[in-house]
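The values are calculated or read from the model by the stated rules, or taken from the named source; none is laboratory data. Source: prediction; values computed, not measured. Using ideal geometry, Cβ is built from the backbone for each residue, glycine included, and neighbour counts are taken over all protein chains shown. Ligands, DNA and RNA are stripped out before the accessible areas are found, and what is left, the full protein with its side chains, is counted by its heavy atoms. Shrake-Rupley method; radii C 1.70, N 1.55, O 1.52, S 1.80 Å.
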Amino acid sequence: MLLPLFFARRYRDASTRFNTVRLINRFAAFVVGVAVCAFFVVLSVFSGLEQFGLSFSSALDSDIKIISASKPTFAVNEGFKEKIMGIEGVHSIAPILTQQVVLRSKSQNTQLLLMGIQKDYASTVPIENYLALGLWPAYESNELVLGYGVASMLGVGLYGQDGGVDCVVPKQGNISPTDPSPFVAEKAVVMGVFQLGNESDQKYAFASERLVRKLSAFSDGQYSELVIKVTDPSAVDETKKRLTDMLGADYAVLKKSELNPALNQMLQTERLVLYLILSLVLAIALFNVVGAIVMMVLDKKNNLQTLHALGAPIRLLRRVFLTQGLLLSAVGGGIGLLVGLGLVGVQHWVQLLHVPGTSLAYPVVFSAENIFVLLSIWGGFSMIAAWVASAVVRPRLFA
């Protein structure tokens, strides 16, 4: 292995009969460097945009959610909470009681999911970070926090200045046709408005558990779901497995990526397409390595004939140019990767580039996964390109 490396370095550093060969080698290394740099930068920007988008679309999603596998609600008592908190990896928990309601204000009305929460919810799901106006509801009162879209549609103001909104739910069970009031209604005061910039603004509202329980027919201690914040997000799969083993088949344990499978499937498809496109660009760039090695073989033909006459087998001579192709790709790609790391680092910490018309910097993310994917594709294509180029060394070259 050392002998092919020795000759490869000698051929790379030695002068050639044609200055064009040296220029072709430098150009090939430059093109590979540009392709590797672009590969890493584009992946980092995509990861940043993906993370930025998920921060809004999944803001209401916890790290792990527990629901009943067969019933709309399940019992959550102190003993159940202690069992969950005793699982390794669980940081905090919060039970939620949900109810489909109709909100009515003046002549406008809309249907949404009302989420009854306790005071420990905000420490489990950071929804307070998205509170645009007002206050979070008191936990023993008829107060609401609406999404910006719902508040605009209903035309409601804060702190009950316009009389508040009516929360209306059909009565459960058998209802007499002559019942003058087939609905359960509660007056609520809007105390705040949250804004996520997506459908969540119009699909959800938050209230105290007390208000939702008054509207629903669920008994005390019954909840729709239990949300969990994990200690280490990178170990969420292990925590989920421990919870599943403990709870059994009566409960469904879902992590964040499983709460919105359509969105995550779309993002995975987009990432796969991006990998294919960037791999194609990198493969095209490595064609220059093939051309550079072929030109080097032709330039060193006399030297190769001499080595072959002295007893060097063709397999050894091919390994020389295989090694040289890998060196050419490694030098150019290594410089390109360093430049890419520098560009991403500058954008991450200095934030030079912003989205046009806004003060929002283009998000970028350093990801070990992106570096691993780049090294895998770059290394594999470099090996293929160098092997193809070294195949030019054939017996008829020495005829």
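Within region 87-108, being under 29 Å from the mean Cα position of the chain (by Cα) and assigned to a loop (DSSP other than H, G, I, E, B) holds for 87, 88, 89.
Across region 252-271, what is the number of residues that are of a type in the set (Lys, Arg) and more than 10 Å from the chain's Cα centre (by Cα)? It would help to see each step written out before you state the result.
So the first thing to find is which residues in region 252-271 are of a type in the set (Lys, Arg), and the list is 255-256, 271.
Checking which are more than 10 Å from the chain's Cα centre (by Cα) leaves us with 255-256.
Within region 252-271, residues that are of a type in the set (Lys, Arg) and more than 10 Å from the chain's Cα centre (by Cα) number 2.
Only one of the numbered conditions (1) among the charged types (D, E, K, R); (2) assigned to a loop (DSSP other than H, G, I, E, B); (3) at pLDDT below 80 is violated by residue 201, and that is (2).
For region 138-151, a residue qualifies if it is modelled with pLDDT under 80 and either surrounded by fewer than 15 Cβ atoms within 10 Å (Cβ to Cβ) or under 13 Å from residue 165 (Cβ atoms) (or both), and the qualifying residues are 138, 140, 141. Scanning region 338-358 for residues that are in contact with a helix residue (DSSP H, G or I) (Cβ under 6 Å, 6 or more places away or on another chain) and open to solvent by less than 30 Å² (accessible area, probe 1.4 Å) yields 340, 344.
Checking the structure you have, find out if any residue of region 9-29 is of a type outside the set (Lys, Arg), at pLDDT 85 or above, open to solvent by 50 Å² or more (accessible area, probe 1.4 Å) and in contact with a Gly (Cβ under 8 Å, 6 or more places away or on another chain). No: region 9-29 contains no residue that is of a type outside the set (Lys, Arg), at pLDDT 85 or above, open to solvent by 50 Å² or more (accessible area, probe 1.4 Å) and in contact with a Gly (Cβ under 8 Å, 6 or more places away or on another chain). Among residues of region 210-226 that are of a type in the set (Asp, Glu), those with a beta-carbon under 8 Å from a residue that is open to solvent by less than 60 Å² (accessible area, probe 1.4 Å) at least six positions away or on a different chain give the pairs 220/213; 225/65; 225/66; 225/67; 225/95; 225/96; 225/98. Among the residues of region 74-87, is there at least one that is in contact with a Pro (Cβ under 6 Å, 6 or more places away or on another chain) and crowded, with 19+ Cβ neighbours inside 10 Å? Checking region 74-87: at least one residue is in contact with a Pro (Cβ under 6 Å, 6 or more places away or on another chain) and crowded, with 19+ Cβ neighbours inside 10 Å. Of all the numbered requirements in (1) of a type in the set (D, E, K, R); (2) open to solvent by 60 Å² or more (accessible area, probe 1.4 Å); (3) modelled with pLDDT of 85 or more, residue 225 misses one, and that requirement is (2).
Listed here are the residues, each with its yes/no results for (1) touching a residue at least 24 places away in the same chain (Cβ under 8 Å); (2) assigned to a helix (DSSP H, G or I); (3) open to solvent by 40 Å² or more (accessible area, probe 1.4 Å); (4) under 24 Å from residue 376 (Cβ atoms).
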{"site": "236", "(1), (2), (3), (4)": "yes, yes, no, no"}
{"site": "244", "(1), (2), (3), (4)": "no, yes, yes, no"}
{"site": "249", "(1), (2), (3), (4)": "yes, yes, yes, no"}
{"site": "269", "(1), (2), (3), (4)": "no, yes, yes, yes"}
{"site": "280", "(1), (2), (3), (4)": "no, yes, yes, yes"}
{"site": "302", "(1), (2), (3), (4)": "no, yes, yes, no"}
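For region 95-114, a tally of residues being open to solvent by 10 Å² or more (accessible area, probe 1.4 Å) and closer than 21 Å to residue 73 by Cβ returns 6.
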